[in-house]
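Student: To start, I am sharing the structure in question, which I have written as structure tokens.
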Amino acid sequence: MNNECIFCKIIRGEIPCYKIYEDEKCLAFLDISADCLGHTLVVSKTHTNNFVETGSDILNTLFCTTQKIAKHYITNCGFDGVQIVINNGESSGQSVMHTHFHILPSVKKENKKFENYKKDDLQAVCNLLRLN
């Protein structure tokens, strides 16, 4: 872990988060930017700076965890699809130098399931999406 990394601080519990899922190797939580309903970050509990510097064992774990959460969002939560994003390096938009995947859930315009949820009401969104 990196003492200065904000994601490492979240993993250690020094900074609170809206936790969606956690196991011994990964943590998934809502992105506080709330740029879309359910925007989720999946991070490894092992600190690595970016995608290309990360070993295949950690990447495999991140991919599997990301897939598990994405399936949950579609199968159990009512989203129609998800976009998976990996930014690598500052020039690509990576703002936290800790390897992480973004899950951006999406719904069709005619899907009314989420009309009462505000994307910035993170506690309500977390309660809806949490995977036990």
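Student: If a residue counts only when it is in contact (Cβ under 8 Å) with a residue 60 or more places away in the chain and of a type outside the set (A, V, I, L, M, F, W, C), which strands (runs of 3 or more DSSP E) contained entirely in region 1-93 have at least 2 such residues?
Tutor: Ranges flagged: 19-22.
Student: Do we find a residue being modelled with pLDDT of 95 or more and among the aliphatic types (A, V, I, L, M) anywhere in region 105-117?
Tutor: no
Student: Restricting the search to region 94-112, which residues are without any contact (Cβ under 8 Å) to a residue 12 or more places away in the chain and either in a helix (DSSP H, G or I) or over 16 Å from ASP31 (Cβ atoms) (or both)?
Tutor: Keep residues of region 94-112 that are without any contact (Cβ under 8 Å) to a residue 12 or more places away in the chain, which gives 95, 109-110, 112.
LYS109, GLU110, LYS112 - these are the residues of region 94-112 that are without any contact (Cβ under 8 Å) to a residue 12 or more places away in the chain and either in a helix (DSSP H, G or I) or over 16 Å from ASP31 (Cβ atoms) (or both).
Student: Restricting to region 64-76, and then to whatever is among the β-branched types (Val, Ile, Thr) and open to solvent by 20 Å² or more (accessible area, probe 1.4 Å), can you tell me which residue is nearest to the chain's Cα centre (by Cα)? Step through it out loud before you land on a result.
Tutor: The first filter runs over region 64-76 and keeps only residues among the β-branched types (Val, Ile, Thr), leaving 65-66, 69, 74-75.
Narrowing the set further to residues that are open to solvent by 20 Å² or more (accessible area, probe 1.4 Å) leaves 74-75.
Values: ILE74: 15, THR75: 17 Å.
The selected residue is ILE74.
Student: A further question follows. Going through region 8-28 one residue at a time, which ones are in contact with a Leu (Cβ under 6 Å, 6 or more places away or on another chain) and of a type in the set (A, V, I, L, M, F, W, C)?
Tutor: Passing the criteria: ILE11, ILE20.
Student: Considering (1) crowded, with 20+ Cβ neighbours inside 10 Å; (2) within 19 Å of VAL125 (Cα to Cα), say which one PRO16 fails and leave the rest.
Tutor: (1)
Student: Hey, any hits in region 116-127 for a residue that's in a helix (DSSP H, G or I), exposed (fewer than 12 other Cβ atoms within 10 Å of the Cβ) and free of Cβ contacts under 8 Å to residues at least 24 places away in the same chain?
Tutor: Taking every residue of region 116-127 in turn, at least one turns out to be in a helix (DSSP H, G or I), exposed (fewer than 12 other Cβ atoms within 10 Å of the Cβ) and free of Cβ contacts under 8 Å to residues at least 24 places away in the same chain.
Residue-wise test of (1) under 12 Å from the mean Cα position of the chain (by Cα); (2) at pLDDT below 95.
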{"residue": "PHE29", "(1), (2)": "yes, no"}
{"residue": "HIS47", "(1), (2)": "no, no"}
{"residue": "LEU62", "(1), (2)": "yes, no"}
{"residue": "VAL82", "(1), (2)": "yes, no"}
{"residue": "ASN87", "(1), (2)": "no, no"}
{"residue": "SER92", "(1), (2)": "no, yes"}
{"residue": "HIS102", "(1), (2)": "yes, no"}
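The values are calculated or read from the model by the stated rules, or taken from the named source; none is laboratory data. A quick note: this is a predicted structure, and the numbers were derived from the prediction, not measured. Cβ: placed from backbone, ideal geometry, glycine included. Neighbour counts: every protein chain shown. Note: areas computed on protein heavy atoms with side chains; ligands, DNA, RNA excluded. Shrake-Rupley method; radii C 1.70, N 1.55, O 1.52, S 1.80 Å.
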